[in-house]
Amino acid sequence: MSGKSVKAIIFDMDGVLVNTEPHHLILEKKLFKRLGLNINGQEHGNYLGLSTKQMWIEITRNHDLPQTPEELTGINREEILDYFSKLDEVVLMPGVRDLLEKLNQKGIPLALASASEAAVVDLILSKTALRKYFTHIVSLEAVGKSKPEPDIYLHTAGLLSVAPEECLVIEDSPNGIKAAKSANMICIAYSNDPNLADESTDDFSGMQEILKRYVEF
């Protein structure tokens with residue numbers, strides 16, 4: 001695959017740009033406990049990369065709960081917003097800002113496509129000052145269907161005016177990687193199973209070296 005084949009790069013947010021997933025797991029475990037839910041680590045892991053709403057749709061399908069997925073999504077959303085708004089700092093993955101700066105300097109179009117809700121994405125981007133790097137920021141509300149469906153990536157490619165096969169996605173969760181591959185996009189897995197994606201790396205120094213094979217910067 002030559003560098004000229006890739007015309008835009010799309011980033012996932014949680015677990016790629018920012019180290020928020022441990023916080024989400026803690027919040028979700030506390031909420032599961034309050035609701036009397038017995039959800040083991042394996043089941044919880046299956047929800048990584050899903051939207052909050054899709055997670056609660058799956059949970060209410062598998063467990064007997066009096067609340068609707070919409071009610072539980074609202075509760076979860078408010079707890080997430082309250083938690084992250086009180087943090088002094090949301091930690092970036094090491095090397096992320098340097099990579100974004102280099103890609104921006106080369107004029108490579110960048111977009112963010114997150115399964116998180118718009119209010120959560122806005123809060124995280126405000127806390128990290130990352131908004132300026134992205135031409136488009138897409139959250140779940142724009143498409144409706146959650147990863148592993150490809151809708152969010154296809155929608156983002158349309159906004160970028162780039163064919164899906166000319167987009168490269170950086171993802172961390174199995175559901176996100178499946179969504180990118182279903183959209184017929186090149187996918188680099190960050191800290192995940194390389195068998196699911198085209199390539200994989202555990203750090204952003206390695207990410208820069210991989211990207212050089214697809215884009216010139």
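The values are calculated or read from the model by the stated rules, or taken from the named source; none is laboratory data. Keep in mind the model is a prediction, meaning the values are calculated, not measured. Here Cβ is always computed from backbone atoms with ideal geometry, including for glycine, and neighbour counts include all displayed protein chains. The protein model used for the area step is the full one, side chains on, heavy atoms only, and it has no ligands, DNA or RNA in it. Shrake-Rupley method; radii C 1.70, N 1.55, O 1.52, S 1.80 Å.
Quick rundown of the values:
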| item | result |
| --- | --- |
| Lone qualifier among Glu171, Glu209 - being of a type outside the set (A, V, I, L, M) and crowded, with 18+ Cβ neighbours inside 10 Å | Glu171 |
| Segment 195-213, residues that are within 18 Å of Val96 (Cβ to Cβ) and either among the basic types (Lys, Arg) or assigned to a strand (DSSP E or B) (or both) | Glu199, Ser200, Thr201, Lys212 |
| Residues located in segment 163-182, provided they are in contact with a Ser or Thr (Cβ under 9 Å, 6 or more places away or on another chain) and assigned to a loop (DSSP other than H, G, I, E, B) | Asp172 |
| Every pair of residues 6+ apart whose Cβ atoms lie under 6 Å, when the first sits in segment 160-177 and is of a type in the set (Asp, Glu) while the second is open to solvent by 20 Å² or more (accessible area, probe 1.4 Å) and at pLDDT 95 or above | Glu165/Asn184; Glu166/Lys7 |
| Filter result for Leu125 (open to solvent by less than 50 Å² (accessible area, probe 1.4 Å), assigned to a helix (DSSP H, G or I) and not aromatic (Phe, Trp, Tyr)) | yes |
| Qualifying positions in segment 176-195 - surrounded by 18 or more Cβ atoms within 10 Å (Cβ to Cβ) and modelled with pLDDT under 90 | Asn192 |
| Options Thr156, Thr201; residue that is open to solvent by less than 40 Å² (accessible area, probe 1.4 Å), at pLDDT 90 or above, out of contact with any helix residue (DSSP H, G or I) (no Cβ under 6 Å at 6 or more places or on another chain) and polar (S, T, N, Q) | Thr156 |
| Residue among Leu72, Leu87, Leu99 that is surrounded by 11 or more Cβ atoms within 10 Å (Cβ to Cβ) and either of a type in the set (S, T, N, Q) or farther than 27 Å from Ile170 by Cβ (or both) | Leu72 |
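Results for (1) more than 25 Å from Ile210 (Cα to Cα); (2) in a helix (DSSP H, G or I); (3) in contact (Cβ under 8 Å) with a residue 24 or more places away in the chain, shown as yes or no for each residue.
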position: Val16; (1), (2), (3): no, no, yes
position: His44; (1), (2), (3): yes, yes, no
position: Gly49; (1), (2), (3): no, no, yes
position: Asp64; (1), (2), (3): yes, no, no
position: Glu79; (1), (2), (3): yes, yes, yes
position: Asp98; (1), (2), (3): no, yes, yes
position: Ile108; (1), (2), (3): no, no, yes
